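Take this structure first; my questions come after.
The values are calculated or read from the model by the stated rules, or taken from the named source; none is laboratory data. Note that the structure is predicted; figures quoted are calculated from it, not measured. Methodologically, a virtual Cβ is constructed for each residue, glycine included, from the backbone with ideal geometry; neighbour enumeration extends over all protein chains shown.
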Amino acid sequence: LFGATGTGKSSFINAALGSGVQVGHGLRSCTQDLQIVWGSMRGVDFGLVDGPGFDDTVRDEANVLRDICTWLAEAYRSGAKIVGVIYLHRITDPRMGGSAVKNLRYFREICGEDAMSHVILCTTRWDEVKQSEGEMREQLLRDDFWRSMLARGSTLKRHDNTPASARRIVAEVMKNGGIDLKVQEEMVDEGKSFEYTSAAHGMREEMERLTREHEAEMRRIRETEEARQREMLAIMKAAAEEERKMADQRILQLQLAAIRLQLLRLEDEPDFICTVQ
């Protein structure tokens, strides 16, 4: 099972198998290591693998991705066969945010395009949204974010958080034959170390993209602050110029008042006529 933290991977396993896998509450991850929980259906033994989300809150995503890929490679070497992959997504999420898009990319890099026909895209938490709202979000996933996966044979299912629902989805997966995931072929058949796999390459590209976006955002903030400072300086200069003009006007008014006062004094002085004898 794949999916972000909080999508309900552990809850799904508990519903399907009645097991005691620890379930997280809130946004803190409780699944730090991959766990395999065994069960049986229609006389066939199988295991459901529960692992940390790529956005694990305890460890960084590079270590999480490495652990998942390493585990898959070791399972491949031991002869274990994967018959299907369930990707869980909360229907309560109003949109596919950056983290969800990133997680989906990592998932596709791990599986490879040839394995998409063995993927079930499973939406969870339907009991927490209005039916009409959930259907609208499901349609957006179908038409946009999951469109290419569905075109390659992936199946879209709803999990209503009941044991019957979980078992139906598991039964659907078990109809498949075995599939080799891309990262298994790369690390085992091609002898690549994790750092040279498509999954690791995708992670580096994603980190570089996030770094570029962060740098662009920091530039935008810096430019906005500089523009604000220039604007404030211009306002301060304009205010100072206005004050200077008002001061000049007051001085001129005082000077005019002084002249008028002098003229009044001259008008009040007596006239003297000088005669020559």
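Which of the residues that make up region 126-185 are among the acidic types (D, E), under 30 Å from E74 (Cβ atoms) and in a helix (DSSP H, G or I)?
Quick first cut of region 126-185, residues among the acidic types (D, E) only: 127-128, 133, 135, 138, 143-144, 160, 172, 180, 185.
From the residues that got through so far, the ones that are under 30 Å from E74 (Cβ atoms) too are 172, 180, 185.
Answer for region 126-185, where residues must be among the acidic types (D, E), under 30 Å from E74 (Cβ atoms) and in a helix (DSSP H, G or I): E172, E185.
Then there is this: So how many residues does region 105-128 have that are over 30 Å from R204 (Cα atoms) and surrounded by fewer than 18 Cβ atoms within 10 Å (Cβ to Cβ)?
The initial filter retains those residues of region 105-128 that are over 30 Å from R204 (Cα atoms), namely 125-128.
Next, from what is left, pick out any that are surrounded by fewer than 18 Cβ atoms within 10 Å (Cβ to Cβ): 127-128.
So the answer is 2.
Here's something else I'd like to know. Residues to consider are L233, L210, L264; find the one that is loosely packed, with under 10 Cβ neighbours inside 10 Å, out of contact with any strand residue (DSSP E or B) (no Cβ under 6 Å at 6 or more places or on another chain), of a type in the set (A, V, I, L, M) and not assigned by TED's automatic domain parsing to the domain that holds R158.
Residue meeting the stated conditions: L264.
Out of everything in region 72-99 that is more than 21 Å from I13 (Cβ to Cβ) and buried (at least 19 other Cβ atoms within 10 Å of the Cβ), what residue ends up being farthest from the chain's Cα centre (by Cα)?
Applying the filter and picking the extreme gives Y76.
On to the next question. Out of the residues in region 1-21 meeting the condition of being outside any helix (DSSP H, G or I) and more than 23 Å from F107 (Cα to Cα), tell me which one is modelled with the lowest pLDDT.
From region 1-21, those outside any helix (DSSP H, G or I) are 1-8, 18-21; that's our starting set.
Those still in the list that are more than 23 Å from F107 (Cα to Cα) too: 18-20.
On the way: G18: 79, S19: 62, G20: 51.
That would be G20.
With respect to L65, is the statement that it is surrounded by 19 or more Cβ atoms within 10 Å (Cβ to Cβ) and either not charged (D, E, K, R) or not in a helix (DSSP H, G or I) (or both) true? I'd like the intermediate steps shown before the answer.
Numbers: surrounded by 19 or more Cβ atoms within 10 Å (Cβ to Cβ): yes; either not charged (D, E, K, R) or not in a helix (DSSP H, G or I) (or both): yes.
When the stated conditions are applied, L65 passes them.
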